[in-house]
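Student: First, the structure itself, so that you have it in front of you.
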Amino acid sequence: MTRQIGPSPQELQRALSDAAAWVASYLQQVGDRPVLARISPGDIAASLPESPPEHGESLDDILTDIDRLILPGITHWNHPAFFAYFGISGSGPGIVGELISAALNVNAMLWRTSPAATELEQRTLQWVAEMLGLPTDWFGEITDTASASSLYALAAAREAAGLDIREHGMAGRDDLPPLALYTSTQAHSSIDKAAIALGIGRRWTRHIETDDAFRMRPDRLEQAVTSDLAAGVKPVAVVATVGTTSSTSIDPVPAIADICERYQVWLHVDAAYGGAAALVPSHRDVLAGCERADSFVTNPHKWLLTPIDCSLLYTRRPDDLKRAFSLVAEYLRTDEQDVVNFMDYGLSLGRRFRALKLWMVIRAYGRAGLASIIGGHMREAHWLAEQIDAASDWERLASVPFSTVCFRHLPADARDPDAHNAALIDAVNASGQAFLSHTKLNDRYAIRVAIGNQATTHVHVARVWELLQTAAEQSE
């Protein structure tokens, strides 16, 4: 009789049931845990064996070790008082979708390798475009993060420039001028990384000055483009941002689109964070002008309750995107006509079935439900901004177009405001009751409270404000 290797079907079924119960319990009780992991570097590694087990262990024992070995080193992004970076939610429906996707374990590289994966991805992206008020005839695909989506978009922009880089590359060419990429001083670092990866380089990445609200200045953009053209530099793309990482400012996309059209430069819009706000009727205009973009990215894993990772890349110029990446080996050729093979539109041949979890989230909450949650986050942010504005020794450092508030404490006797505010964040984070991060705006250290978790209520926002005030009082 052959010895069973690996879990038996009965053990797997029991483990799946136990895991489902664990997930449900975790989501209900995560708010009772310290938000930030309270361990020292190396603690988790020291608790794990240096060598793998020789023989398989029971799933019961392994699941027990999740609580014993793993949870102590988890920072709880699903905690309702997680206010750092951009607060996100892995909602129940999304988690179920992730589980089923893992069980199906399809590689959505070709239409043939799972037609449902390809066609559901196409339809779900059409749904999101409609919900956001974007053109529903845009081509869309799901990548892992906005870093990849923007890289793909800018690769398409480089291809669209007609420089034959696909065949001849960029090295050793005396017929290739320097290529320039334009974005604001507030743009996400992934844009600079894309410029590095695509051979444009940091020297030719133009960081355009912003106005008092941290928005790209169109006049400075046009000056940079015309100056480069006069110097023999080739403008390749402009990246505008709807919801910058530090302050969540909104670049003036209509004016930027005018410039891009005037000089025939690709326009990419990074709305990884802010795009979802367009679901709320009162904020539909945050995407004004984006319908004129050549490419656009938004991330459901930031503000649409979808477990990370899930980034949506749209383009009205899919042929340029396909030319940038398509390379079909013989073993990947198929005879289907009029189908999309997503492997042709990016670097990855292997593609997860990410559409399933997003589809389940949209169906479970509906447009109105998602809009209600996002609108609630923005109302809480405005409440917090009002408290800061009303307090004499607190200063708000940026407007609040979405659900992120940037501010600082500024007592009259503060000798080092940056160190003082950093100490306030440390005090709040050490309490375990909330987790905050920071940024710098105009060289001033800013506390950032980013509200975006599905479970966050007014109680949590009021509590973090109370914790900050208490820390400020105790520091005096």
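Conditions tested, residue by residue: (1) touching a Ser or Thr at 6+ places or on another chain (Cβ under 8 Å); (2) modelled with pLDDT of 95 or more; (3) closer than 30 Å to Q28 by Cα.
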site	(1), (2), (3)
I66	no, yes, yes
I70	no, yes, yes
P115	no, yes, no
Q126	yes, yes, no
E130	yes, yes, no
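Student: Turning to a different aspect of this structure: Condition test on P93, is it under 30 Å from A462 (Cα atoms), of a type outside the set (K, R), assigned to a helix (DSSP H, G or I) and modelled with pLDDT of 95 or more?
Tutor: Against the criterion (under 30 Å from A462 (Cα atoms), of a type outside the set (K, R), assigned to a helix (DSSP H, G or I) and modelled with pLDDT of 95 or more), P93 qualifies.
Student: Is it true that P281 is closer than 28 Å to R351 by Cα, open to solvent by 10 Å² or more (accessible area, probe 1.4 Å) and touching a residue at least 40 places away in the same chain (Cβ under 8 Å)?
Tutor: In short, no.
Student: Hey, another quick one. Give the residues of region 14-23 that are without any contact (Cβ under 8 Å) to a residue 24 or more places away in the chain and within 25 Å of the chain's Cα centre (by Cα), sorted by residue number.
Tutor: Residues satisfying the conditions do not exist here.
Student: When the residues of region 57-105 are narrowed to those that are aliphatic (A, V, I, L, M) and within 29 Å of I447 (Cβ to Cβ), which ends up surrounded by the most Cβ atoms within 10 Å (Cβ to Cβ)?
Tutor: That would be A81.
Student: In region 425-466, which residues are of a type in the set (S, T, N, Q), outside any loop (DSSP other than H, G, I, E, B) and more than 24 Å from the chain's Cα centre (by Cα)?
Tutor: Answer for region 425-466, where residues must be of a type in the set (S, T, N, Q), outside any loop (DSSP other than H, G, I, E, B) and more than 24 Å from the chain's Cα centre (by Cα): just S431.
Student: Can you run down the residue pairs with Cβ atoms below 9 Å, 6 or more apart or on separate chains, where the first is in region 214-242 and on the phi > 0 side of the Ramachandran plot and the partner is β-branched (V, I, T) and crowded, with 18+ Cβ neighbours inside 10 Å?
Tutor: Pairs that qualify, where the first residue is on the phi > 0 side of the Ramachandran plot and the partner is β-branched (V, I, T) and crowded, with 18+ Cβ neighbours inside 10 Å, are F214/T244; F214/T248.
Student: So V449 passes all but one of these: (1) open to solvent by 30 Å² or more (accessible area, probe 1.4 Å); (2) closer than 25 Å to L304 by Cβ. Which condition number does it fail?
Tutor: (1)
Student: Please give the strands (runs of 3 or more DSSP E) falling wholly within region 105-224 in which 3 or more residues are hydrophobic (A, V, I, L, M, F, W, C), over 30 Å from A371 (Cβ atoms) and more than 20 Å from the chain's Cα centre (by Cα).
Tutor: Per the criteria, 179-184.
Student: Check region 415-424 and report whether any residue there is open to solvent by 20 Å² or more (accessible area, probe 1.4 Å), among the basic types (K, R) and within 25 Å of A277 (Cα to Cα).
Tutor: No - not one qualifying residue is present in region 415-424.
Student: Condition first: more than 22 Å from A194 (Cβ to Cβ), open to solvent by 10 Å² or more (accessible area, probe 1.4 Å) and in a helix (DSSP H, G or I). Can you find one or more residues in region 232-248 that meet it?
Tutor: no
Per-residue answers, yes or no, for (1) of a type in the set (G, A, S); (2) surrounded by fewer than 24 Cβ atoms within 10 Å (Cβ to Cβ):
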residue	(1), (2)
E130	no, yes
D137	no, yes
S147	yes, yes
A153	yes, no
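The values are calculated or read from the model by the stated rules, or taken from the named source; none is laboratory data. Worth saying up front: this structure is predicted, and the values here are computed from it rather than measured. Glycine gets a Cβ as well: all are built from the backbone with ideal geometry, and neighbour counts include every protein chain shown. For the accessible areas, the whole protein counts, side chains as well, though only heavy atoms, and no ligand, DNA or RNA atoms are used. Shrake-Rupley method; radii C 1.70, N 1.55, O 1.52, S 1.80 Å.
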